[in-house]
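Right, one structure below, let's go through it.
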Amino acid sequence: MVLAHRNSPAVVLWSIGNETPDTGLPGGPAIAARLVADVKSIDATRPVVMGSDRYRSVPRPGSPPDLIVRGLDGLGVNYNTAKSMDALHAAYPGKFFFCSETSSETSTRGTYQRPDLRNTGENYTPGERSTSSYDNNLASWTMSGEYELKKDRDRLFWQGGFLWSGQDYIGEPTPYNVFPVKSSFFGAVDTAGLAKDAYYLYRSQWSPEPMVHIVPMNWTSWIAGQPVPVWVYSNVQTIELFLNGRSLGKKSFDRKVTTFGTAYLETTEPTHDDDTYPSGSYTSPNGSAGQLHLTWSVPFEPGLLEAVAYSGTGIVARDVVRTAGPGRALRLDTGTRALTADGQSVAFVTASVVDHRGVVVPSAENTLSFRVAGAGILAGTDNGREESAGGYQSPEIGAFRGLAVAIVRATAKAGLVRLTVTSPGLAAATAQFRSLRPRVTVRAVGAAAGALAAATPVPAPPPVPSPSADASYSGAPGTIPAMMLDGDPSTGWSNYYDKSATANLPAVSSSDAGEWVSLTWASAQRMGAITATFVTGGALGLPATIAVSYWDGHGFVPASGLKISWATASGQPTTLTFDPVTTTRVRLDMTSPLPGTASGFLRIAELRALASARRRTGPGGTANSRCGCRSHSS
């Protein structure tokens, strides 16, 4: 490798290994010395380093890790705290250091959970296995993106870091190790190349071009009046937030300077992100602590949320998120102006499910069918969903958060390439571009004219098994919604979790303010009561409140006449009666008895809907009843 690439201008370092187990073994130093000598015998112009996770504390003098680092020009470390970095620098002042793997925080595009916590649990509800994009889902060895950026920014002796990882990849499905999750969650972009919020965090710190980005990217899936924590990433000092044209106020970063004279933007506040410091917050060598984002709490209101960045008296950047309506059409977007007719050149085309105004529908999961005609072929499709076992070469794929990507590859023949995407009930879209041997201007890309008018109604979803259960959040693999229906009182659904400590954060187990569980049937059922068998004791309690709602074909509406007979002991049923309804879905919205504590969690061992007699006169004048629920008629 060194012989083959020693003249490449892209090579800046030679590495003799990454996270090799022999680093701590007696024979490790001799192996390392031989590798260093071999590299330097070929190229003595570049430093020789190693990447390692074995230096999170200073090695004992004379130990294998100590002898190895002394023989290197520099050392790449993986997942070190700021304090451990400073200790290594003090112990080896003649060496340079960098982060060979940094952060490894996990996130899913479009998932948002508990920004009040520096580390969150994971949702194990099938179909909802995803992690928070508020920069706050961490494995035991990892750290948040903001923390990594700050510790690197503040140390002149540190030579930067390599983000693990720039993009999600197949394998290492941390924090889930369960089918059908198949890819990692570490990336700043997903496997489809679609940006997560983490991408914009790094852009705000690494790019000089003025930018601003609103977190969350979804301004649709909220309840009217619900307080939504809004974060704004920017490399511009002052930001003003607007909701439907009304200013929610300006906020500004403070201008600060590192101990070696580099200016940066940061808020000034406790961050509670490193309990190895006496204050519990990461503190820069200049004595300051703060965030790399601005924060608002915005009561949700449908419409348009806009962040405007000001420099001097002018607007230099803006970002908007809009509330979406029902999906009406498909849209294709590509930055590719032309393909080269060489059989290898590819175009990445993003397909969006949009409403009548062209706003992406974040909840859309419609199946999209791609077809390529002309001088190209469909090389693959992806939607970036980590919880998906689907292949990458199918012409059909479900949208995820309203988006999917098609990869079009040119053939060896020049000509027009035409990509079409269709989905039942949605207006189709077409993109055209040319595959050329010479570089020329190409035709514009757009949706088929008049397609909206030709749209057909969105079909009803396919029947679901009767009954099935769902939940807003499941705290562990063994407490998913289906376990409320298995007839075993020792199992059940729960939102309880206990997240392990990290290198700089304590363990966390903090109940959310509210959760919901639901039942769904393949055909409409007549019901007037539900029993929920709650398990209590320790971290588990009865809900403070329960509300019952049912699906009316368009949305969930409250059940009228609700009365609750609360259980008096753990494992006994709580009965909720209400005016009978006919529906395919019923939902319980529950509030925690002690939100934000380690004692406010919920567990339901069994959930049953009790059928209500539905009388009609039969041919002989008799009364007939219909019951599709789990229990007897009432």
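Taking the fewest neighbouring Cβ atoms within 10 Å as the starting point, the ordered list for Glu266, Glu148 is Glu266, Glu148.
How about the range 239-310: which chymotrypsin sites (Phe, Trp or Tyr not before Pro) there lie in a loop by DSSP and see at most 12 other Cβ atoms within 10 Å?
Listed in order of number, the matching sites are Phe260.
Rounded to the nearest whole angstrom, the semi-axes of the ellipsoid equivalent to the range 108-227, taken from the Cα gyration tensor as √(5λ), stand at 24, 19, 14, largest first.
With R₀ fixed at 60 Å, the C-beta to C-beta distance from Asp579 to Ser207 puts the FRET efficiency at about 0.55. Distance between the modelled labels on Thr536 and Gln344, one decimal in nanometres: 6.9 nm (7 Å Cα→Cβ projection). Summarising the label geometry, the points placed 7 Å from Cα in the beta-carbon direction at Lys251 and Asp22 lie 5.2 nm from one another.
Simple spin-label estimate for Ser140 and Arg34 gives 3.4 nm between the two label positions (7 Å along the Cα-to-Cβ direction from each Cα).
Applying D = kT/(6 pi eta Rh) to the range 468-624, where Rh is the Kirkwood radius over alpha-carbon pairs, T corresponds to 37 °C and eta to 0.692 mPa s, the Stokes-Einstein value obtained is 197 µm²/s.
How many angstrom lie between the Cα centre of the range 257-320 and the Cα centre of the range 519-574? Cα centroid of the range 257-320 versus Cα centroid of the range 519-574: 42 Å apart. Between Thr238 and Leu67, full extension at 0.36 nm per residue minus the direct alpha carbon distance yields a gain of 56.6 nm.
Run lengths n ≥ 4 of DSSP H only: what is the helix-derived mean residue ellipticity at 222 nm for the chain, with -39500 (n - 2.57) per run over all residues, to the nearest 500?
Working: 6 runs with 55 residues, N = 634.
Using -39500 (n - 2.57) per qualifying helix, the result is -2500 deg cm²/dmol.
From the square roots a ≥ b ≥ c of the eigenvalues of the alpha-carbon gyration tensor of the range 213-322, which class results: rounded (a/c under 1.5), prolate (a/b over b/c), or oblate? Cα axes put the range 213-322 in the oblate bin. With a cut-off of 8 Å between alpha carbons and a minimum separation of six or more residues, what is the relative contact order of the chain in percent? Once normalised by length, the contact order is 9 percent.
Run the numbers on the range 468-624 and let me know its relative contact order in percent, using alpha-carbon pairs under 8 Å that are six or more apart.
31
The calculated FRET efficiency for His554 paired with Asp116, based on their beta-carbon distance and R0 = 25 Å, is about 0.15. Entry note: the range 268-405 has Rg to Rh equal to 1.12, where both radii use alpha-carbon atoms and Rh is the Kirkwood radius. Counting only DSSP beta bridges with both residues in the chain, the antiparallel share comes to about 85 percent.
Available extension along the chain between Ser468 and Ser599 is 44.3 nm, counting 0.36 nm per residue and deducting the alpha carbon span. Which parts of the range 79-115 would a label at Thr259 reach, counting a residue when its backbone N lies under 19 Å from a point 7 Å out along Cα-to-Cβ? Flagged as within label range: 80-99. Each principal axis of the Cα cloud of the range 1-41 was evaluated for its coordinate range; sorted largest first, these ranges are 35, 20, 13 Å.
Computed with the Debye formula from one identical point scatterer per Cα of the chain, without solvent, the log10 of I(q)/I(0) at q = 0.06 Å⁻¹ comes to -0.42.
How high is the relative contact order of the range 329-448? Use alpha-carbon pairs under 8 Å, at least six apart in sequence, and give a whole percent.
On the way: 332 pairs, mean separation 42.3, N = 120.
It comes to 35 percent, rounded to a whole number.
With the Kirkwood sum run over all distinct C-alpha pairs, the range 329-448 has a hydrodynamic radius of 14.3 Å.
With only Lys, Arg, Asp and Glu charged, each at its Cβ (+1 for the first two, -1 for the last two), find how big the charge dipole of the range 329-448 is about the Cα centre; round to the nearest 20 debye.
680
About its Cα centre, the range 468-624 has a charge dipole of approximately 540 debye under the convention of +1 per Lys or Arg Cβ and -1 per Asp or Glu Cβ, with nothing else charged.
How much length, in nm to one decimal, is gained on full extension between Ala513 and Ser490, taken as 0.36 nm per residue of separation minus their Cα-Cα distance?
Details: separation 23, 0.36 × 23 = 8.28 nm, distance 2.53 nm.
Here the answer is 5.8 nm.
For Ala569 and Ala87, FRET efficiency with R0 = 56 Å and r from the beta-carbon atoms, rounded to 0.05? Computed FRET efficiency for Ala87 and Ala569: 0.55. By the beta-carbon count within 10 Å of each Cβ, the least crowded to most crowded order of Trp222, Trp566, fewest first, is Trp566, Trp222.
Computed from the coordinates by the stated procedures, all read-outs in this text should not be read as laboratory data. From a predicted model like this one, the values you see are computed outputs, not experimental measurements. Ideal geometry is used to build each Cβ from the backbone, glycine not excepted, and the neighbour counts take in all protein chains shown.
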